[in-house]
Amino acid sequence: MKILVVIGRGGTGKSSFVALIAKYLIEAGQAPLLLVDADPDQNLAEMVGVDLKEAGKQTISELLVSTFIEQGGTTIGIPPSERIESKIWTSGLFEGDRFDFLAVGTKWVEGCYCMPNAALKAALESLTKNYKYVLIDSPAGLEHLNRRITSKVNDIFDILDHSKKSFDHVKRAYRIAQEVGITFDNFYIVGGYRFPQDLGRKAEAALKFKYLGKIAYDEQLDEYVLAGKSLLTLPSASVAYASVKEIMKIAGYL
Ligand SMILES: Nc1ncnc2c1ncn2[C@@H]1O[C@H](COP(=O)(O)OP(=O)(O)O)[C@@H](O)[C@H]1O
Ligand SMILES: [Mg+2]
């Protein structure tokens, strides 16, 4: 099992990148995949053609609130992690033909929910063992990842946009990963679709992380997103898709 995490500032193309990695792994016969939307924006589902409401599924935060906070954690006997794990299996996990999907959601926000956080982490560690790849669409803050989801990942992909802030984001994200104790094998930088091509090597030299290449600007992808169409159905000729395949090959995926 490998855990891939995609981070970057809002609007850099994180969710699209996650969807295209999923397309690549699916087409390469690498199922079963688990996609986890941990970004409060919550647009990954639509990008892979999933409608959680229609499927009668709830987000993890909704399940945590109903399990531990509204019920006050009064259920006796069953350990918290098992309680939330069985809820996730029955009411949270969207099971598709080619991939499964989970949304972390926003209902349960800041504050010290130490018990639910610990229970969730244990539940996810057990649940993710069933997959070959787990792809996480993450917000910038890796501290959330460690507190709620996992402290051990394989590859982190930080997407750069054209602003100077994007470079600062990389440094900050790397520092936070160290500070909050996330362990990882690789920390990669990827040029987002608005990132200037010629800045790639400069970014690598300045930031000292391996630069995997740039996600190509793709008008068709943007049209799909606007129309709410699944990016998994983009034609193989899609330039963004072709660039993501190259990026994944450079990162050693197939
Ligand atoms: N390769 C691309 N080419 C053109 N537009 C893109 C590309 N990737 C993403 N976009 C557009 O940029 C916007 C933000 O993309 P998204 O993946 O939602 O970013 P994030 O998840 O980082 O906020 C969307 O409107 C999307 O259509
Ligand atoms: Mg997003």
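The table below lists the values:
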item: The range 1-28: number of residues that are in a strand (DSSP E or B) and either surrounded by 18 or more Cβ atoms within 10 Å (Cβ to Cβ) or within 15 Å of ligand 1 (Cβ to nearest atom) (or both); result: 6
item: Within the range 148-172, tally of residues that are crowded, with 16+ Cβ neighbours inside 10 Å, in a helix (DSSP H, G or I) and in contact (Cβ under 8 Å) with a residue 40 or more places away in the chain; result: 5
item: Some residue of the range 118-126 being within 16 Å of Ala45 (Cβ to Cβ), part of a helix (DSSP H, G or I), modelled with pLDDT of 90 or more and not acidic (Asp, Glu); result: no
item: Count of the range 141-195 residues which are among the polar types (S, T, N, Q), closer than 24 Å to Ser61 by Cα and touching an Asp or Glu at 6+ places or on another chain (Cβ under 7 Å); result: 1
item: Candidates Ala45, Ala31 - the one that is in a helix (DSSP H, G or I), touching a residue at least 12 places away in the same chain (Cβ under 8 Å) and over 19 Å from Thr150 (Cβ atoms); result: Ala45
item: Residues (aromatic (Phe, Trp, Tyr) and in a loop (DSSP other than H, G, I, E, B)) located in the range 200-219; result: Phe209, Tyr217
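The values are calculated or read from the model by the stated rules, or taken from the named source; none is laboratory data. What you see is a predicted model; the values in this text were computed from it and never measured. Every residue, glycine as well, gets a Cβ built from its backbone with ideal geometry; the counts of neighbours run over all protein chains shown.
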